[in-house]
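Asker: Can you keep this structure in mind? I'll have questions shortly.
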Amino acid sequence: MKVYYQKLVIAAACLLCTDIAAAQDSNQSAETASESAETGDDSAKPISIGLLLSGGIDFEDNGFDQFGPGIGLRGGYTLDMGLYIGAQFLYIWGAGGGIPTSTTLIGAEAGYALSAGPVVIMPSAMLGAAIFSIDTDSTGWGSSISGDSSTDFYAAPGASVIYPIKSFFIGGDARFYLIFAEKTVKGLNFMLTGGMRF
């Protein structure tokens, strides 16, 4: 009978220890989930959509500035491995000899997101179509010019620095553009960005 009571006490003690350990694990899991929610864990918000505001430098002396102020949208998806896949639309106002022009950039983007403390650094490359347009019936240098447009392939290597703020983000982007027109157009574009992650 004494042995029976000893076994009963040991079993009860083991059961109590198991319950305590389970409760501790549950509390730790809840704390981890809470911390992830507060810091805005990137892995839990892989989709990003943001607004772009741009301005740049046109390195070509062809009479037209194709990298003036611009506005656009950028969106993408970041895989668990850090690979980013997305797309961008950017509309840029330009001018040449008093003639209003515009350049529309539509492209796909691939990059790799690297965590660096509170920010994310993402080198990436874009490939797409650049549509250069001269406004219809614009007047410059005392003469009239009819509307015209051309579409060419472009490539744009660069990098972004993103600062996540829970479900939002802000950041900047610098990118070197090569537009493969009849004469290759080169330009450096700087963009400010901000948007949402979900």
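Every read-out reported here was derived from the displayed coordinates using simple, explicitly stated rules and does not represent laboratory data. Everything numeric in this text was worked out from a predicted model, so none of it was measured. Don't worry about glycine lacking a Cβ; one is built from the backbone with ideal geometry, like all the others, and counts go over all protein chains shown.
Asker: Note down the net charge around GLY55, summing +1 for each Lys or Arg and -1 for each Asp or Glu among other residues with Cβ under 13 Å from its Cβ.
Answerer: The answer is -2.
Asker: Rounded to two decimal places and with Rh computed the Kirkwood way over Cα pairs, what is Rg over Rh for segment 44-197?
Answerer: 1.04
Asker: Can you list which of the trypsin sites (Lys or Arg not before Pro) found in segment 150-198 are DSSP loop residues with at most 10 other C-beta atoms within 10 Å?
Answerer: Hits after loop and neighbour filter: LYS183.
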